[in-house]
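Trainee: Shown below is the structure under consideration.
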Amino acid sequence: MKKVLCLISVVLLTACTQQVQEEYVEPVHPVNAQVLELEEHVEYVKYAGILQPEKMVQKTFSNIGEVTNIYVKEGQKIKVGQLLAKQNTDNLESTKSELAIQLESDKANEEAARQQMIADEATYKDSLVNGTSVEQQVADAQFQASTASYEAAQQQTQLTPTPLDNVDTQIQGSYLYSNIDGYVLMMNAEVGET
């Protein structure tokens, strides 16, 4: 009986030493998928302190006049080149129109004087060939007078653009534009004020 027991224990021992190779299978778990979107969350934090601007610019009109339009408010964000305010330009526009008409008239007068000078020069040259000495003197005097008239008309035409340019500059000065990006901190004018 001892032999049978030994044999059984050997069989049992050999059976226990054999390894069973089982393949490991990872368990599958059902999953619900969702599409996520990026959201922005704003968080406000309070700090105590003084906010100092990097640069402050004061804008004023270059002309004295009535403010007719203000296009911004205090605290508003502004950009370079943005129109801030405008003054009344009615009188300046009227003056500009009058000067433009004057310039056109001066140009017409200059052209008429030039044509008269050319005609008087031709008369003078003809008198040198075919005229008497008195006719030559009269033609010469008339040519000299028309030359002087033409030169005066030229000078007048050259003078008119200067006041016209000045009025254009004043009209441009009646529009107030921002020269920086920033915020309007304070305004010291209202519509209707001078």
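The values are calculated or read from the model by the stated rules, or taken from the named source; none is laboratory data. Since the model is a prediction, treat every value here as computed from it, not as a measurement. Cβ: placed from backbone, ideal geometry, glycine included. Neighbour counts: every protein chain shown. The accessibility values were calculated without ligands, DNA or RNA, using every heavy atom of the protein model including side chains. Shrake-Rupley method; radii C 1.70, N 1.55, O 1.52, S 1.80 Å.
Trainee: Sorted by accessible area with a 1.4 angstrom probe, largest first, how do SER174, SER105 fall?
Mentor: Per-residue accessible area, sorted high to low, gives SER105, SER174.
Trainee: With a point put 7 Å past each Cα toward its Cβ, work out how far GLN82 is from ILE101 in nm, to one decimal.
Mentor: Taking the two extended label points, one gets 4.1 nm.
Trainee: Additional query: Can you give the longest run of the chain that contains no trypsin sites (Lys or Arg not before Pro) sitting in a DSSP loop with at most 14 other Cβ atoms inside 10 Å? Could you put the intermediate results ahead of the total?
Mentor: Numbers: sites that count: LYS46, LYS55, LYS59, LYS73, LYS79.
Maximal segment without exposed cleavage sites: 80-194.
Trainee: Let me ask you something else. Compare ALA139, ALA153, ALA48 in a GNM of the chain, Cα atoms joined below 10 Å, and give the one with the largest fluctuation.
Mentor: The residue that fluctuates most here is ALA48.
Trainee: Based on Cα coordinates alone, diagonalise the gyration tensor for the chain, multiply each eigenvalue by 5, take square roots, and list the semi-axes in whole Å, largest first.
Mentor: Numbers: eigenvalues 2187, 213, 34 Å².
Value: 105, 33, 13 Å, ordered largest first.
Trainee: Moving on to the next point. Tell me, what is the percent relative contact order of the chain, built from C-alpha pairs under 8 Å that lie six or more residues apart?
Mentor: 38
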